[in-house]
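Below: the structure, in structure tokens.
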Amino acid sequence: MHLPDGFLAPQLALALWVATAAIVGFALRRLSASSDEASAAQRPILMGIVGAFIFAAQLFNFPVAAGTSGHLLGGVLAGYLLGPWAGTIVMTTVIGIQALIFQDGGLLALGANIFNMGIIGTLGGALVARSIATALGGSRVATIAAAGVAGWLSVMAGAGVTTLQLGLSGTTDVSIGLPAMLGIHALIGIGEGLITIAALTFIATTAPDLLTLGAPTRASATRRILVGSGISLLVAALAALFASADPDGLQRVALTLGFHTAANTPPFELFPGYTIPGIDSATGTLLIAVVGVGIIFTAILLLSRIAARRGRQ
Amino acid sequence: MARVPGQVDARATVIAALAFILAVALMPAGAYVAMAAAWLLVATAGALRGIAPLTLARRGGIVFPFVLAALPLIFIRSDEVIWEGLVGPLSLHVSGVGLRIALSALLKAWISVQASIVLVATADAPTIVVALRRMRLPDAIATSAGLTIRYLELLRDEAQRMLRARAARSVSPVGVGGERVGGSIAWRARTTGNLVGSLFLRAYARAARVEEAALSRGATGSLSTGSLPTADRYLGVKVLAAVALLLALSAFGQVVPRL
């Protein structure tokens, strides 16, 4: 899942760097705004050591069947233990170190990798987990089950968005790549979900007070919905770009992001004579699926907001 | 010359590596001559750091599995068909364009990863983090990254001990005689999850101890308040050289004949 350099169109890689920097910057502001002394946000040492924990936890694999094994990515787990914002910073750091020091993922592609795993996986995953937990009634069992579902979703969403990015870059055929990636990751995601559930159950049993480290502040509900909808919109926008059936879509993004000079002068030609492959009726179906997921995601967020309000009355 | 980690201004090195990787990414598909030139450049830099070119090339091979992503293009694209035929019951064709895209992406990935291998060989992890701090990496991330790097080995060893203990006792896919060992998938996942949970508790306990120690020594929350190394006097020149290299390399990539 760690994209190496060379497979993404440079313009897309830079655009994702910009998006990642903006969202991580927002997470940092949220952290410094937090005034709760006991929360993870005010504990830089804890965040650093949890980063090392995520690295180590990724070593834990478990045999699914002879030859294949599931292992943990830890995005939702980090978001759950530390809260979405601190968790996002920790995952950003982990993915950055993986690229810089272990060559796991490219440097130009680092923005994309943080976006796909840290932001969609941890921030999106933790926010989705919270919404599902609220919708299910907020009991401990519901909370942990929601983390499992979010763990599975985070793996699927990461794999899907990665494939779409490769499709936009013209380095994969989406009509083949997407079903293949989602098929494989549906299994990998089950491993992620089960381990997340088991790890949280263990922590909840052994040291229940630690689960409040990343506890949500009351005022964040509106922001949660805004961020969740933002992520859905981003996914939908990616899909829409993709569906515009010509490279113009990406060029339009390049234009708005200020890369148009780079994209229009011949030395930096975007897709020299290439069209994005795989645009056919199958892609149309797929697009509907992606937009559908976005709508459902937004709906879940809105419904859980309503449920939470009802519950309080 | 013995170098103290974090005491060297590695900004120029980091910028040069990024500029190089960007230049390689901007090369059009099929510009193999330019890619060869880029590889020679990174191999030279590697050799200057004492890494043999073939070792570097072999270590760069970690990106090869990724070519799977681009593989379908070779058979799906219908432009510039260079081979057509029957393979068993399947009628297949090979597209020249698809082949070019897949091969170019693979080569770019392979060259870029070698550039980051040389970067890490030139500046160690703490030095890179300090360089990034000088480049306005936010303090929270720099502190977190520095601590993550410091505790990485320790927690990894801990994890490995736990995995060894687990392998000795219960969960492995097949036993010595080929029989399945351990319970159902859910049981195995739970066993693994318990290990992850207890590793987290150990990490948390350690963090609490380190926090107390830091507090008792007067820490204020940020670990990156230490003095930065003396700025590289030739930074401007080096960065200019790196950007010039980027421009030259990408211009070269545009003019060389594409295959």
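A few comments on the model shown:
- For chain B, averaging the sequence separation of C-alpha pairs within contact (under 8 Å, six or more residues apart) and dividing by the residue count gives a relative contact order of 35 percent.
- For the stretch A:92-219, the convex hull spanned by the alpha carbon atoms encloses 136 Å³ per residue.
- Pairwise label distance in nanometres, B:Leu235 with B:Arg59, each label 7 Å out on the Cα-Cβ vector: 2.7 nm
- Placed amide H near A:Phe60: partners under 5 Å, 5+ positions off or other chain: A:Leu72
- Proximity of backbone amide H atoms, modeled 1.01 Å from N, is registered between B:Gly30 and B:Ser104 at under 5 Å, excluding neighbours fewer than 5 places apart on the same chain.
- For the stretch B:1-123, convex hull of alpha carbons as volume per residue, Å³: 117 Å³
- Table column - 3J(HN,Hα) (Hz), the stretch B:235-243, Karplus curve with 6.51, -1.76, 1.60, x for Gly and Pro: 3, x, 4, 5, 5, 4, 4, 5, 5
- All other residues whose Cβ lies under 15 angstrom from that of B:Leu154 are scored, Lys and Arg at +1 and Asp and Glu at -1, for a net of +3.
- For chain B, the fraction of alpha-carbon pairs in successive 10 Å shells from zero, as %: 6, 19, 22, 22, 20, 10, 2, 0
- Descending by average beta-carbon neighbour count within 10 Å, the peptides B:84-92, B:47-55, B:126-134, B:138-146 line up as B:138-146, B:126-134, B:47-55, B:84-92, the highest first.
- Gain upon complete extension [B:Leu247, B:Ala47; 0.36 nm per residue less C-alpha separation]: 69.7 nm
Each value in this text was obtained by applying a stated rule to the coordinates, not by laboratory testing. This structure is a prediction, so every number in the text was calculated from the model and none was measured. Counting neighbours? That spans all protein chains shown, and the Cβs are built from the backbone with ideal geometry, glycine included.
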